[in-house]
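J.: Take a look at this one; I'll ask things after.
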């Protein structure tokens with residue numbers, strides 16, 4: 001259309017251009033700009049410049065005309081020529097800054113805007129340009145500050161108010177955004193941009209009636225606003241008013257047959273009517289005329305509903321290639337992969353969503369279902385519990401109630417609801433698995449197995465149930481029956497990957513690495529992209545000293561682009577003291593997973609360990625763009641590590657200001673004061689947090705941590721007990737209690753509390769590691785020590801304390817050669833830890849290497865006081881004899 005208009009303008013104006021003066025041509029160009037015809041204006045301005053190449057004003061206006069046409073690079077060239085001819089043209093700097101913002105060059109826009117402001121301090125347009133440059137870079141806090149200043153300089157600028165409303169909405173301040181738009185509409189009631197923004201805001205906020213009223217107002221002012229008709233149509237679809245929406249779509253098509261909006265709305269109506277063939281035809285037409293994420297999304301859903309999964313995946317990939325952070329498209333893509341029984345690929349996509357937002361309830365629910373389908377019922381239950389806590393509406397009927405009751409520690413009520421779910425839907429596996437998990441955690445394996453066996457049908461689908469039965473049996477010490485049922489699951493469905501995974505995990509945890517490797521290899525043969533198999537093989541090869549093979553499997557895992565693969569490889573490099581390589585891996589993860597916070601967090605931890613605070617703060621800036629709260633927390637931690645009290649407190653107060661009166665800000669300030677050694681101030685903030693939200697388990701735990709740091713153990717224990725009472729299913733609360741018991745010598749009671757924590761969350765690392773250590777010391781079986789410590793090591797192989805515990809558990813199980821390898825690695829990871837050196841000395845002694853044992857003991861004793869110091873002295877004296 002733009003090309004057509006330009007050609008038309010040429011035909012109209014060219015015949016008369018030759019006889020006109022450059023001033024006449026310039027004035028005609030200005031008239032065309034005023035008439036919103038920049039294409040015609042371009043012709044006049046260019047002809048004026050043909051007559052006089054130094055006609056500066058014509059060149060400036062030509063740049064503005066190109067900018068209006070969206071020809072940014074040509075506009076930029078013209079503006080640059082004007083500045084070359086006359087560097088004092090300040091308004092050109094402003095135009096260049098605006099153009100840079102339009103091109104997404106926020107840094108460049110900021111530089112030009114600063115140059116303009118240096119000559120015009122406090123100018124509203126200059127401040128606005130700087131604010132927009134921060135919007136372009138997703139730095140909304142800074143954008144807000146500049147735009148507020150711009151508005152203070154000129155309260156009549158509607159553009160500033162529109163941008164500021166967008167920024168408030170991006171910061172989650174809906175009330176401020178609404179207020180800003182309403183203020184603008186009071187003076188300009190027909191400002192369509194403000195009306196559309198306000199309608200969209202009300203819709204997102206759940207005020208659908210207000211949104212409808214605003215769209216109707218738009219159409220009353222201008223009946224030709226098709227976007228308002230489309231948005232109203234979507235609301236009608238949402239309200240199941242399909243006939244009205246369809247009629248609106250047909251009117252749109254009749255009025256504008258070359259516009260895709262009408263076809264898209266009609267296609268969405270057809271989708272909701274379950275006429276998927278019609279929906280596909282209409283939506284294909286819509287994306288052909290007007291490519292739009294909505295069109296591709298519903299086209300993908302239509303293909304999915306017809307069972308054409310590959311076609312569905314193509315649509316979702318199209319969206320994700322252009323918008324990697326599109327959550328809904330990624331979740332539906334994951335659902336499609338799960339429907340194809342490409343479970344591992346589906347899990348990888350779900351984890352990408354969780355890497356961006358770990359509190360996404362729908363993603364946790366989908367991940368739980370995926371794990372259940374693999375027979376990994378402990379992991380499945382854990383994810384469903386998490387989803388239910390985040391959003392109790394996600395799981396249906398009795399299943400929802402049962403999971404919800406269990407998550408609140410109401411076992412009896414949960415059992416009743418889950419039993420009802422099994423009775424009402426005997427062929428549904430989910431309810432059986434949840435109920436069996438409850439019985440298993442309540443140490444009633446017979447009931448758990450009975451529930452699971454009741455669902456066996458003699459079909460391939462039994463593989464999941466046999467895996468669950470095996471998990472109960474292995475957990476209760478019935479090794480023979482457990483392994484037999486896992487083998488039975490493999491026979492029933494050789495393609496069911498969980499059977500190999502569970503066998504490999506069991507053999508690895510019991511120290512039978514050869515069989516574990518064999519099972520993981522068999523799993524990879526069935527599913528060459530299975531990330532857990534690759535990471536399992538990497539960990540086992542690493543444990544057995546086969547570093548080349550370990551690295552090879554880590555790299556293969558990274559090729560799947562699974563978030564956990566990047567983190568595992570980075571942890572491997574960090575463990576090998578190759579921080580540079582670890583950061584390279586994390587940078588690749590950041591590029592591949594631009595919405596993920598975890599790689600940034602890991603990168604920051606490396607810089608903090610290196611005391612490279614400048615780089616850590618740069619990472620914090622990047623993290624703040626993705627997750628403001630976590631970014632600010634990282635800044636606080638960095639400034640605290642720098643002992644920069646003022647900046648640590650300033651950033652903590654910035655976070656607190658987001659939710660005035662809430663407990664979060666007081667908690668963060670308490671942590672800062674504690675880190676800085678100001679215990680009385682920390683306790684005062686913790687007490688204020690309790691006053692603000694005494695029903696928060698996290699608040700109580702933080703309060704307890706501060707009391708523990710002050711060595712007021714009774715008060716700490718009381719705070720932890722209050723947390724456990726508030727959330728009986730919360731692993732950190734039980735772990736905190738266990739740590740107090742452990743520290744005060746009540747080892748048996750501590751072990752019981754750690755076990756309770758693991759009932760709440762089987763993968764909670766502090767509980768796993770600490771319980772493994774206690775089991776190795778005799779407060780549980782040595783086999784348990786090995787199982788728990790290996791699971792902890794699998795979760796965090798770069799953690800020195802976890803590596804030490806695994807080595808100690810291997811030593812206690814008589815696996816002395818393996819223990820030496822692992823403990824030598826722990827000693828490298830924690831060179832100043834005397835306990836690690838003592839454990840290494842024990843392992844050396846058992847392998848007969850008495851010289852190295854003596855050396856390790858001497859090194860440990862030279863490091864000062866530690867709990868095993870007397871035992872180390874006695875052993876050294878014995879060896880010297």
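J.: Within segment 6-36, how many residues are surrounded by 15 or more Cβ atoms within 10 Å (Cβ to Cβ) and either part of a helix (DSSP H, G or I) or modelled with pLDDT of 90 or more (or both)?
T.: Step one: filter segment 6-36 for residues surrounded by 15 or more Cβ atoms within 10 Å (Cβ to Cβ), giving 6, 9-10, 13, 17, 20, 22, 24-26, 28-30, 32-33.
Right, trim to either part of a helix (DSSP H, G or I) or modelled with pLDDT of 90 or more (or both) and you get 6, 9-10, 13, 17, 22, 24-26, 28-30, 32-33.
Of the residues in that region, 14 qualify.
J.: Can you name the condition, by its number, that residue 456 falls short on among (1) surrounded by 16 or more Cβ atoms within 10 Å (Cβ to Cβ); (2) at pLDDT 65 or above?
T.: Every condition holds for residue 456 apart from (1).
J.: Also, I was wondering about something else. Name the single residue that is modelled with the lowest pLDDT among those in segment 504-518 being more than 31 Å from the chain's Cα centre (by Cα) and under 17 Å from residue 480 (Cβ atoms). Steps first, answer last, please.
T.: Our first condition is that a residue be more than 31 Å from the chain's Cα centre (by Cα); within segment 504-518, this holds for 507, 510-518.
Narrowing the set further to residues that are under 17 Å from residue 480 (Cβ atoms) leaves 507, 510, 512, 515.
On the way: 507: 84, 510: 73, 512: 83, 515: 91.
Of everything passing the filter in segment 504-518, 510 is modelled with the lowest pLDDT.
J.: For segment 556-564, does any single residue satisfy the condition of being more than 26 Å from the chain's Cα centre (by Cα) and modelled with pLDDT under 90? Before the answer, list the steps.
T.: So the first thing to find is which residues in segment 556-564 are more than 26 Å from the chain's Cα centre (by Cα), and the list is none.
Within segment 556-564 (the criterion being more than 26 Å from the chain's Cα centre (by Cα) and modelled with pLDDT under 90), the answer is no, since none of the residues qualifies.
J.: What do you reckon, is residue 877 at negative phi, touching a residue at least 24 places away in the same chain (Cβ under 8 Å) and surrounded by fewer than 17 Cβ atoms within 10 Å (Cβ to Cβ)? Give the derivation first.
T.: On the way: at negative phi: yes; touching a residue at least 24 places away in the same chain (Cβ under 8 Å): no; surrounded by fewer than 17 Cβ atoms within 10 Å (Cβ to Cβ): yes.
For residue 877, the condition - at negative phi, touching a residue at least 24 places away in the same chain (Cβ under 8 Å) and surrounded by fewer than 17 Cβ atoms within 10 Å (Cβ to Cβ) - is not met.
J.: Looking only at segment 814-826, decide whether some residue is more than 18 Å from residue 786 (Cβ to Cβ) and surrounded by fewer than 17 Cβ atoms within 10 Å (Cβ to Cβ). If you could, list the steps in order and put the result at the bottom.
T.: In the first step, residues of segment 814-826 are kept if they are more than 18 Å from residue 786 (Cβ to Cβ); the result is 824.
Right, trim to surrounded by fewer than 17 Cβ atoms within 10 Å (Cβ to Cβ) and you get none.
No, there is no match, as no residue in segment 814-826 is more than 18 Å from residue 786 (Cβ to Cβ) and surrounded by fewer than 17 Cβ atoms within 10 Å (Cβ to Cβ).
J.: Return the residues of segment 788-808 that are assigned to a helix (DSSP H, G or I) and within 18 Å of residue 828 (Cα to Cα); say none if nothing qualifies. Spell out how you get there, then give the answer.
T.: The first filter runs over segment 788-808 and keeps only residues assigned to a helix (DSSP H, G or I), leaving 788-795, 800-808.
793, 800, 801, 802, 803, 804, 805, 806, 807, 808 - these are the residues of segment 788-808 that are assigned to a helix (DSSP H, G or I) and within 18 Å of residue 828 (Cα to Cα).
J.: Only one of 856, 785 is assigned to a helix (DSSP H, G or I) and farther than 26 Å from residue 379 by Cα. Can you tell me which? So that I can check it myself, show each step before the final result.
T.: Working: 785 fails: farther than 26 Å from residue 379 by Cα.
Unique residue meeting the criteria: 856.
J.: Residues in segment 537-555 that are modelled with pLDDT under 90 and either under 16 Å from residue 519 (Cβ atoms) or under 22 Å from the mean Cα position of the chain (by Cα) (or both): how many?
T.: Residues meeting the conditions: 5.
J.: Residue check: is residue 465 buried (at least 24 other Cβ atoms within 10 Å of the Cβ), outside any loop (DSSP other than H, G, I, E, B) and without any contact (Cβ under 8 Å) to a residue 24 or more places away in the chain?
T.: Details: buried (at least 24 other Cβ atoms within 10 Å of the Cβ): yes; outside any loop (DSSP other than H, G, I, E, B): yes; without any contact (Cβ under 8 Å) to a residue 24 or more places away in the chain: no.
For residue 465, the condition - buried (at least 24 other Cβ atoms within 10 Å of the Cβ), outside any loop (DSSP other than H, G, I, E, B) and without any contact (Cβ under 8 Å) to a residue 24 or more places away in the chain - is not met.
J.: Same structure again: Which of the following residues is touching a helix residue (DSSP H, G or I) at 6+ places or on another chain (Cβ under 7 Å) and modelled with pLDDT of 90 or more: 165, 205?
T.: Working: 205 fails: modelled with pLDDT of 90 or more.
Criteria check complete, one pass: 165.
J.: Exactly one of (1) in contact with a helix residue (DSSP H, G or I) (Cβ under 7 Å, 6 or more places away or on another chain); (2) touching a residue at least 40 places away in the same chain (Cβ under 8 Å) is unmet by residue 804. Its number?
T.: Residue 804 satisfies every listed condition except (2).
J.: Which one of 832, 848, 864 is surrounded by fewer than 13 Cβ atoms within 10 Å (Cβ to Cβ), assigned to a loop (DSSP other than H, G, I, E, B) and modelled with pLDDT of 90 or more? Give the derivation first.
T.: Numbers: 832 fails: modelled with pLDDT of 90 or more; 864 fails: modelled with pLDDT of 90 or more.
On inspection, the qualifying residue turns out to be 848.
J.: Still on this structure, I have one more. Can you list the helices (runs of 4 or more DSSP H) lying wholly within segment 297-365 that have 1 or more residues being without any contact (Cβ under 8 Å) to a residue 12 or more places away in the chain and over 16 Å from the mean Cα position of the chain (by Cα)? So that I can check it myself, show each step before the final result.
T.: Details: elements: 309-322, 327-339, 343-356.
Helices (runs of 4 or more DSSP H) meeting the threshold: 309-322.
J.: Could I ask something else about it? Please name all residue pairs, on different chains or six or more residues apart, with Cβ atoms under 8 Å, provided the first residue is in segment 777-789 and is on the phi < 0 side of the Ramachandran plot and touching a residue at least 12 places away in the same chain (Cβ under 8 Å) and the second residue is buried (at least 23 other Cβ atoms within 10 Å of the Cβ) and in a loop (DSSP other than H, G, I, E, B).
T.: Here the result reads none, with nothing in segment 777-789 linked to a residue that is buried (at least 23 other Cβ atoms within 10 Å of the Cβ) and in a loop (DSSP other than H, G, I, E, B).
J.: While we're looking at this one, here's another question. Being crowded, with 18+ Cβ neighbours inside 10 Å, closer than 24 Å to residue 347 by Cα and without any contact (Cβ under 8 Å) to a residue 40 or more places away in the chain narrows it down to one of 562, 582, 604, 550, so name that one.
T.: Just a single option satisfies the conditions, and that option is 550.
J.: Since residue 220 meets every condition but one in (1) closer than 30 Å to residue 259 by Cα; (2) in contact with a helix residue (DSSP H, G or I) (Cβ under 9 Å, 6 or more places away or on another chain); (3) not in a loop (DSSP other than H, G, I, E, B), which condition does it not meet?
T.: Tallying (1) closer than 30 Å to residue 259 by Cα; (2) in contact with a helix residue (DSSP H, G or I) (Cβ under 9 Å, 6 or more places away or on another chain); (3) not in a loop (DSSP other than H, G, I, E, B), residue 220 fails exactly one: (2).
The values are calculated or read from the model by the stated rules, or taken from the named source; none is laboratory data. Given the structure is predicted, the values throughout are model-derived calculations rather than measurements. Here Cβ is always computed from backbone atoms with ideal geometry, including for glycine, and neighbour counts include all displayed protein chains.
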